[in-house]
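The values are calculated or read from the model by the stated rules, or taken from the named source; none is laboratory data. Since we're looking at a predicted model, the values are computed, not measured. Because the Cβ atoms are built from the backbone with ideal geometry, glycine has one as well, and the counts that use them run over all protein chains shown. Surface areas here come from the heavy atoms of the whole protein model, side chains and all, with no ligands, DNA or RNA. Shrake-Rupley method; radii C 1.70, N 1.55, O 1.52, S 1.80 Å.
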Amino acid sequence: MLAVLGPGSQPYLGTFFYYAVGDLNGDGFVDVAMSIWGMDQLSIFMGNDAGSFQPVVNNETWISPAQLLITRAGSPARQVLAVAGDSNGASNEDAGLVIGEVDDNGILNIIDAPPGNSYSQGAIAADLNCDGLTDFVALNWVSESIDSTDVYLGSGDGGWSPGSLATEAYDIGVGDFTDDGIPDLLVTFWTDPPEFDVLPGKGDGTFSTVPIVTGIDAGQFVTCTIGDLNEDGMLDLLLFVSGGQPAFVLFGRGDGTFSAGPMLSSLTSSLYSVALQDLNGDGHLDYVAADIFGGHVYVALGNGDGTFQAESVVSYTAIPDGGQGVWVGIADVNNDGRPDLYVTDQNTGNLSFLINQCR
């Protein structure tokens, strides 16, 4: 355990927190951006060479953050923090995405706030039009069962302009599912059962209006993670469903469709969040999942063929009150070249770091 950010080291408590962990200012040290839904405030902890964090810096914003994303973007490319959220009632109430740079003092300097839906729940970053600039796709809330999407294309002047993507979705992912070198969208629809379709990218920031129907019967899915699990050069899916059903792997065929892979019987719906990364340096993707009820993180090493070894269980008992891990992410926290884990707790809002011990 490297550090816990929680009561005593931050100025407020809340039930649902949003985090981004990464090097915000390019000094080589991991920083933390965090927020509470419903508060127009972004709190930033800047990391230092002692493996700890400077006192919190609170940035007042006119957007209530729902997701925070650290990526390299802009022209020239630099590290940016993209904030997706709710801007209703704000002076810029037509913007659901704010993009800015964080300076050495933890101050967010806004670069752009392109117009779009005012209630954005999250965003993903990719070069959608193949021009070498980072673009964004935002997922916007419309109703209890319908979300919409906005595309923001990077421009040569360092800003972003709205693109054209009008599709309803419950969730979205990005990757080259058709093996043509152009990013596609994986779109989830809140049907019964939920439906996964692939929208092939055209290479200009637009997507085919005729989706590739994957035919996936996902049951009541919880989350989906993308990666090349069997190392054939095509993207696969690791899918979690509810109702106590096991997770399962779907192998990409390279044409936007998928074939059935192995079932992971020990992974069930209480594992709300999962991430894929080569944790032990053997070249195979491993998975890590947070148990929303049990205060544990499950780690399984990949075999490179879409199967995994038996899970090991990591208990993060440093989180007070038993803890409920609602989200798990990956970052090299201590600059040793190995990916570490961070886990959030939905009860207290604490963030815990778990240090990689693989050699």
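By the scheme Lys and Arg +1, Asp and Glu -1, what is the net charge of all other residues having a beta-carbon under 14 Å from that of Asp204?
Numbers: positive: Lys202; negative: Asp127, Asp131, Asp135, Asp180, Asp184.
Result for the neighbourhood of Asp204: -4.
Modelled label-to-label distance, Gln309 and Cys130, 7 Å Cα→beta-carbon offset: nm?
Inter-label distance under the simple model: 4.0 nm.
At what distance in nm do the modelled label points of Asn334 and Ser161 sit from each other, each positioned 7 Å from its Cα along Cα→Cβ?
Going from the Asn334 label point to the Ser161 one covers 4.8 nm.
What do you reckon, how do Ile110, Ile355, Ile36 stack up by accessible area (1.4 Å probe), largest on top? Let's see the in-between values first.
Details: Ile110 90, Ile355 40, Ile36 15 Å².
Sorted by accessible area, descending: Ile110, Ile355, Ile36.
Report the net charge of residues surrounding Ala275, where surrounding means a beta-carbon distance below 13 angstrom and charges are Lys +1, Arg +1, Asp -1, Glu -1. Please list the in-between numbers first.
Working: positive: none; negative: Asp278, Asp286, Asp340.
Overall, the nearby charge balance is -3.
Taking R0 as 41 Å, what FRET efficiency do you get between Thr206 and Arg78 from their Cβ-Cβ distance, rounded to the nearest 0.05?
Working: r = 27 Å, r/R0 = 0.65.
That pair, Thr206 with Arg78, gives E of 0.95.
Points 7 angstrom from Cα along the Cβ direction at Gln54 and Met39: gap in nanometres?
Distance between label points: 2.0 nm.
How much net charge surrounds Asp180 when only other residues with a Cβ under 15 Å from its Cβ are counted (Lys, Arg +1; Asp, Glu -1)? Don't skip to the end; give the middle numbers.
Working: positive: Lys202, Arg253; negative: Asp127, Asp176, Asp179, Asp184, Asp204, Asp255.
Here the count lands on -4.
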